[in-house]
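Notes to accompany the following structure.
The values are calculated or read from the model by the stated rules, or taken from the named source; none is laboratory data. Only a predicted model underlies this, so the values are computations on that prediction, with no experimental measurement involved. Positions of Cβ are backbone-derived with ideal geometry, glycine not excepted, and every protein chain shown enters the neighbour counts. Heavy atoms of the whole protein, side chains included, go into the accessibility calculation; ligands, DNA and RNA do not. Shrake-Rupley method; radii C 1.70, N 1.55, O 1.52, S 1.80 Å.
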Amino acid sequence: MSAVPSTRTVARTGLAAFAAAALAVTFASPAAAATGTRTVTDGGTTYNLSLTAPDTAAASGANITVSGSGYNSSQGVYVSLCVVDGAQGDNKPSPCLGGQDESGTTGASHWVSSLGGGLPNTSPFGAGGTFSVQIHVKADLGGGNVCGDTVECAIVTRADHTDTNDRKYD
């Protein structure tokens, strides 16, 4: 397996074409920031989502900060680097680096929820549905999934386990 991104991936910058609230990431350096935005209407309330993260990272891995605002604080989200396939909302971003990391040992995902607390890599939403979390990203997600080589990846938010089939916050 190669952790070196393809030429096509290195040429990509900024937002993933698949999801406005997902950010494409290439594995090179130096890091630059990218922001994805979109509007979600849920239960008659409109949320203006914004997700900011570096759009590059070292192929060997890097800790990055991901920030969000405008989220529905009643709907928890996972923040992670995941395989993306198809148009936003068609498919749940998966698999994700670190899988279901309930022990918090990989640091590859973070659960943001007003219900959370006490578990590693969890935090509540701030005012206005904001968050700022650190996750660990690297090109090789395991199982033959190498970002930019065998699969397309993005830093995403996706609905948590309380509403796992809800694609509005992906």
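Counting Lys and Arg as +1 and Asp and Glu as -1 over every other residue whose Cβ lies under 10 Å from the Cβ of Gln75, the net charge comes to -3. Annotation: Lys138 carries an accessible surface of approximately 80 Å², with a 1.4 Å probe and no ligand, DNA or RNA atoms counted.
Using the average count of surrounding beta-carbon atoms within 10 Å as a protection proxy, the listed peptides 124-135, 34-45 rank, highest first, as 124-135, 34-45. Put His136, His110 in order of accessible area, highest first, and with a 1.4 Å probe you get His136, His110. Taking a ≥ b ≥ c as the square roots of the eigenvalues of the Cα gyration tensor, an a/c ratio of 1.5 or more together with a/b larger than b/c marks region 103-170 as prolate.
Multiplying the residue separation of Thr37 and Ser67 by 0.36 nm and removing their Cα-Cα distance gives an extension gain of 9.6 nm. Using a probe of 1.4 angstrom and keeping all protein chains present, the accessible surface of region 59-170 works out to 42 square angstrom per residue.
Could you work out how far apart the two model spin labels at Leu119 and Ser132 are, taking each label as a point 7 Å from the Cα in the direction of the beta carbon, and quote it in nm? According to this spin-label approximation, the distance is 2.5 nm. On the beta carbon distance between Thr46 and Asp85, with R0 = 30 Å, the FRET formula returns roughly 0.65.
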